[in-house]
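Working notes, structure below.
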Amino acid sequence: MKFFLDTADIKEVKEAASWGILDGVTTNPSHIAKSGKHFKDVVCEIAAIVPGPISAEVTATDVDGMLEQAHEYAAWGSNIVIKIPLILDGLKAVKKLSEEGIKTNVTLCFSSTQALLAAKAGATYISPFVGRLDDIGTEGMEVIREIRAIYDNYDYSTQILTASARSPLHIRDAAIAGSDVVTMPFETFTKLVKHPLTDIGLAKFLEDWKKVPQDKQPESGPTVK
Ligand code: E4P
């Protein structure tokens with residue numbers, strides 16, 4: 001499963017990229033606003049740090065406006081993916097962009113039937129928002145399972161990008177459901193590595209290691225053949 005970071009914070013991107021397991025980044029207008037920087041500057045800075053797919057979201061809501069923005073963003077770098085909302089004009093734009101070979105990430109997906117439409121339009125990624133569904137008392141992960149079954153039934157190549165994932169449980173369940181990608185906040189990414197038993201176990205091993213004679217073995221000492 002690929003790991004994307006959901007942020008427009010350059011410090012977070014640099015830190016996560018240094019771990020060697022970051023595959024891409026998703027941004028959205030809210031993240032860009034929080035960064036306090038110009039949209040193009042942030043996206044290009046991220047695209048220069050992470051070679052994988054970087055999603056940049058259109059803000060136009062009509063097909064012509066979306067296509068104009070998509071063409072502009074796509075020219076910023078070969079790894080830019082155009083993020084498009086799951087509305088009718090968005091689907092029309094996705095269809096056109098897929099014919100032109102421009103990669104798209106269809107966002108704000110909340111049902112498996114919406115995801116089916118995105119795949120039919122030729123989306124590269126579909127982003128179902130699991131956390132926001134959980135927020136309203138609907139099990140977000142069920143939508144991921146449904147989309148996996150539908151895409152497998154018809155061999156759609158659209159990749160499932162589980163979005164709005166906010167906890168290690170979301171990451172685990174997305175992986176079990178066969179999601180191709182998961183995008184998560186930096187804080188969630190850091191939580192994945194942590195387990196109290198790992199810390200306790202390491203502390204004990206290091207403590208015991210102090211009891212092992214540390215002086216250098218003579219040259220003639222035992223060796224493994
Ligand atoms: C994904 O592309 C979205 O930017 C993001 O995952 C939304 O997450 P949120 O629901 O926690 O804001």
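The values are calculated or read from the model by the stated rules, or taken from the named source; none is laboratory data. Everything numeric here is computed off the predicted structure, so don't read it as measured data. Counting neighbours? That spans all protein chains shown, and the Cβs are built from the backbone with ideal geometry, glycine included. Areas reflect the complete protein model, heavy atoms only, side chains present, ligands, DNA and RNA absent. Shrake-Rupley method; radii C 1.70, N 1.55, O 1.52, S 1.80 Å.
Here is how the numbers come out for the structure above:
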| read-out | value |
| --- | --- |
| Carbon/sulfur fraction of accessible area - the chain, other protein chains in place, 1.4 Å, % | 57 |
| Cut-off 17 Å, label 7 Å out along Cα→Cβ of Lys37, residues of segment 181-209 by amide N | 186 |
| Stretchable slack from Ser30 to Cys44, in nm (0.36 nm times residue separation minus alpha-carbon distance) | 3.3 nm |
| Listed residue pairs exceeding 20 Å between alpha carbons, taken from Lys11/Lys37; Lys96/Lys120; Lys37/Lys96 | Lys37/Lys96 |
| Residue-normalised accessible area of segment 153-225, expressed per residue, 1.4 Å probe, Å² | 75 |
| Cleavage-rule hits (trypsin sites (Lys or Arg not before Pro)) in segment 35-140: DSSP loop, at most 16 neighbouring Cβ within 10 angstrom | Lys37 |
| Gyration tensor verdict on segment 1-145 (Cα atoms; rounded if a/c is under 1.5, prolate if a/b is larger than b/c, oblate otherwise) | oblate |
| Relative contact order for the chain, counting Cα pairs under 8 Å that sit 6 or more residues apart, in percent | 16 |
| Counted charge near Lys92, where neighbours are those whose Cβ lies closer than 15 Å (Asp, Glu -1; Lys, Arg +1) | -3 |
| Distance in nm between pseudo-label sites at Glu100 and Phe186 (7 Å out along the Cβ direction from Cα) | 3.3 |
| Distant alpha-carbon pairs in segment 8-81 (separation over 20 angstrom), percent | 28 |
| Estimated inter-spin distance, Ile136 and Ser157, nm [label 7 Å along Cα→Cβ] | 3.3 |
| Gaussian network model of the chain, Cα within-10 Å springs - most flexible of Gly131, Gly65, Gly101 | Gly101 |
| Inter-centroid distance (Cα atoms) of segment 141-169 relative to segment 32-111, Å | 20 |
| Partner aspartates and glutamates for Lys40 [C-alpha distance under 14 Å; skip if fewer than 8 residues away on the same chain] | Asp9, Glu57, Glu72 |
| Mean residue ellipticity (222 nm) of the chain, computed from DSSP H runs ≥ 4 via -39,500 (n - 2.57), nearest 500 | -15000 deg cm²/dmol |
| 20 Å Cα-Cα reach of Lys204 towards lysines, excluding residues that sit fewer than 8 places from it in its own chain | Lys194 |
| Rounded if a/c under 1.5, otherwise prolate or oblate - segment 107-225, Cα gyration tensor axes | prolate |
| Length released on extending from Met1 to Ile200, taking residue separation times 0.36 nm less the Cα-Cα span | 68.8 nm |
